[in-house]
Amino acid sequence: MACWSTLFQQGEYGRLAGSRSEFWSRNGPIASGTVDQTGSSGILEFTPLTKTLTDDIRFAFDFVSSASYGIHEAVLDTQTGKIYYRSEFAGIDEITGDDINWDTALSIPHKNDLDLGQRLVFKFVDIYIPQEYALVRGFFQRPGAYQRYKSFLNSLELLQQWYDFEAKEEKGCLELWCQDKGIEIDNSG
């Protein structure tokens, strides 16, 4: 089980709904859980809504990539299939435990590790709005680029198309990463 603090839940990736809570990516819910009423910290315990190891890896990838590089971390013990989480923001640290077999452990990549940052933005721009390349390039000259980029796509009614494109590219890159690391993946879903 991964534990998430209520601070994390108050962001754009989660919500509190009575005693049930959810964590989701832009692709929909990826975990649910209940509030631990015993502690004063309000820690939430979550179980990923998954059926295969591939889904667990996707959940961990979304978790790692949901914040700036290095804020969230996930480690897969390839021998047991268990994934351990750490978050500087949420105060989670399952990774320092002695349960991890470091001989068989792999760090789950951040989207930037798979070159899914600006390269992906400009791949989308080249395909769908090549005439706006210079404008979009200008967005990335100062902080807040992704917010401006998404607002621009929304004004062109291309935001959902971007999310679909991004999800497909991420899935493909993550599958290649799994294959490269010798992780058997389930493509039945």
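Bear in mind that the values in this text are calculations on the coordinates, not laboratory data. Worth saying up front: this structure is predicted, and the values here are computed from it rather than measured. No Cβ is skipped: glycine too gets one built from the backbone with ideal geometry, and neighbour counts run over all protein chains shown.
Can you pull out the chymotrypsin sites (Phe, Trp or Tyr not before Pro) in region 64-106 whose DSSP state is coil and whose Cβ has at most 16 other Cβ atoms within 10 Å?
Passing both the DSSP loop test and the Cβ count: Tyr69, Phe89, Trp102.
Say the cut-off is 29 Å between C-alpha atoms; which of Lys111/Lys150; Lys82/Lys123; Lys82/Lys150 go over it?
Lys82/Lys123; Lys82/Lys150
If contacts are Cα pairs under 8 angstrom and at least 6 residues apart, what is the relative contact order of region 102-189 in percent?
22 percent
Taking H as built 1.01 Å from N, whose amide H comes closer than 5 Å to the amide H of Ile108, not counting residues under 5 places away?
Residues meeting the criterion, in which the H sits 1.01 Å from N, are Ala74, Val75, Leu76.
What order do you get for 127-134, 72-79, 143-150 when each peptide is scored by the mean count of other beta carbon atoms within 10 Å, highest first?
Details: 127-134: 11.4, 72-79: 19.5, 143-150: 13.8.
In decreasing order of mean packing, 127-134, 72-79, 143-150 become 72-79, 143-150, 127-134.
Under the Kirkwood approximation applied to all pairs of distinct alpha-carbon atoms, what is the hydrodynamic radius of region 115-180 in Å?
Numbers: mean 1/r = 0.0800 Å⁻¹.
After inverting the pairwise mean of 1/r, the radius is 12.5 Å.
Counting Lys and Arg as +1 and Asp and Glu as -1, each charge on the Cβ, what is the dipole of region 55-189 about the Cα centre in debye, to the nearest 20?
Here region 55-189 has a charge dipole of around 840 debye.
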